[in-house]
1. Using beta carbons and a limit of 7 Å, which pairs, at least six apart or on different chains, have the first residue in region 41-58 and more than 16 Å from ARG70 (Cβ to Cβ) and of a type outside the set (D, E, K, R) and the second one part of a strand (DSSP E or B) and at pLDDT below 90?
2. Quick check: is even one residue across region 60-73 at pLDDT 95 or above and over 19 Å from the mean Cα position of the chain (by Cα)?
3. When only residues in region 83-104 that are assigned to a strand (DSSP E or B) and in contact with a helix residue (DSSP H, G or I) (Cβ under 6 Å, 6 or more places away or on another chain) count, which is surrounded by the fewest Cβ atoms within 10 Å (Cβ to Cβ)?
4. Report, by residue number, each residue of region 168-191 that is part of a loop (DSSP other than H, G, I, E, B), within 14 Å of the ligand (Cβ to nearest atom) and within 19 Å of the chain's Cα centre (by Cα).
5. With the requirement that a residue be within 16 Å of the ligand (Cβ to nearest atom) and either in contact with a helix residue (DSSP H, G or I) (Cβ under 6 Å, 6 or more places away or on another chain) or farther than 20 Å from LYS110 by Cβ (or both), what does region 64-79 give you?
6. Within the set of pairs 6+ apart or on separate chains, which have a first residue in region 68-97 that is farther than 24 Å from ILE46 by Cβ, a second that is part of a helix (DSSP H, G or I), and C-beta atoms under 6 Å apart?
7. Can we say GLU45 is out of contact with any strand residue (DSSP E or B) (no Cβ under 8 Å at 6 or more places or on another chain) and surrounded by fewer than 22 Cβ atoms within 10 Å (Cβ to Cβ)?
Amino acid sequence: MGHEIQMDMEISQEVLDEYQRNGVVKVEQVISPEEAAHYREVTLEILETTPHGGSARYGKIFHQYVDVWRDSEALRELTLHPKVGAVAEKLAGMPMRLWHDHTLAKEPSKAQPTAFHQDQMKWPFDKPRHTLSAWIALQDTPVERGCMSFLAGSHRLEDLPNLGTGDQDRWKAERPDLEWWPRLTMPLRAGDCTFHHGMIMHAAGANVTEEWRVAHVIIFADRDAPYSGANHVVTDPLNLTAGQQMPDDRFPPVSTFGDR
Ligand SMILES: O=C(O)CCC(=O)C(=O)O
C-alpha cells in the first residue's frame, strides 16, 4: 500500500485493482511536503479569522470549512489540482466533476474521533455511478494525530442507514459484524493522499498530539449524475430543480481543471 505517482498520471493496474477491491488507495506525495506546509498555513489562518457559522462549523470532532476553494485563491489551486483530479477520474473510470471541497481540521489534544460512516448518501445526487474523496494530509498524520481507517471492501455495502460522524456506537448497533472486519489504518506523511470511494465505511482517530491535524478533502462525483432534490448545505442556496444536471460553472468538471 502507498503508491508513488508520476507526473504523467499513470495509475497502474495494480492500483486500480486495489481500489476496486478495498475501496481505498493511498497515493504518496500528491503534493510536496513544502506545498503541504504552505496550504496548511493558509488553512489555519482562514480558520482563525473566519467567524463560526455559514460554511465554517467548529465542532468537537473537527472544524469544517465547506467550499473553501471559493474563498481562498491558494486553496482553489489545490482543489482544482489537475493531478488530483486526473487520479480521481482514473480510479472512477468515468468523467467526474468537483462536488465540493472541505477543510477538516482536528484541534490539538482534544479533537474526538470521527465515527465510522459512509459519505455518498449524504450527498444530493440521483444514482451517481461513482463518488470519491481525495483526503490530503497537510502535515504528517500518524495514528495519534487522527489518521483515517477504512473497512476494506465495505464500499459494496448498500443497506446501511445514513450514519452520523459523531455517533461512535450506531454503526456497530446497525451491523455488529462490521466491528470485526479488517481495518486499513493509513497514517500519511505531509503531502500524501488517500482516495476513498463514497460508499466505503471510514473513520478517523482522535488528535492526541500537540499539533493541529489539517486535511484538505476534495470530493468528486460522476459528472453526469443529476441533482436529486435532497437538501444539502452546498446546493440549498442554488435553487436547482430535481433531475437537472449539476451546473458546470459551480461544480467544475475535472476536464476543465487545466494543466500544471
Ligand atoms: O477527517 C476526518 O476526520 C473524517 C474525514 C471523512 O469522513 C471524509 O473525508 O469523508
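The values are calculated or read from the model by the stated rules, or taken from the named source; none is laboratory data. Keep in mind the model is a prediction, meaning the values are calculated, not measured. Don't worry about glycine lacking a Cβ; one is built from the backbone with ideal geometry, like all the others, and counts go over all protein chains shown.
1. Pairs found: HIS52/TYR58.
2. Yes, region 60-73 contains at least one residue that is at pLDDT 95 or above and over 19 Å from the mean Cα position of the chain (by Cα).
3. Here is the first cut: in region 83-104, the ones assigned to a strand (DSSP E or B) are 96-104.
This time we only want the ones that are in contact with a helix residue (DSSP H, G or I) (Cβ under 6 Å, 6 or more places away or on another chain), so: 96, 101, 103.
Working: MET96: 28, ASP101: 24, THR103: 29.
So, considering only residues that are assigned to a strand (DSSP E or B) and in contact with a helix residue (DSSP H, G or I) (Cβ under 6 Å, 6 or more places away or on another chain), the one surrounded by the fewest Cβ atoms within 10 Å (Cβ to Cβ) is ASP101.
4. PRO187
5. VAL66, ASP67, VAL68, TRP69, LEU75, LEU78, THR79
6. Once the first residue is farther than 24 Å from ILE46 by Cβ and sits in region 68-97, its partners that are part of a helix (DSSP H, G or I) give GLU89/VAL254; LEU91/TYR19; MET96/ALA88; MET96/GLU89; MET96/VAL254.
7. Yes.
This table checks each residue for (1) in contact with a strand residue (DSSP E or B) (Cβ under 7 Å, 6 or more places away or on another chain); (2) aliphatic (A, V, I, L, M); (3) within 16 Å of the ligand (Cβ to nearest atom).
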position	(1), (2), (3)
ASN22	yes, no, yes
VAL25	yes, yes, yes
GLU34	no, no, no
GLU41	no, no, no
TYR58	no, no, yes
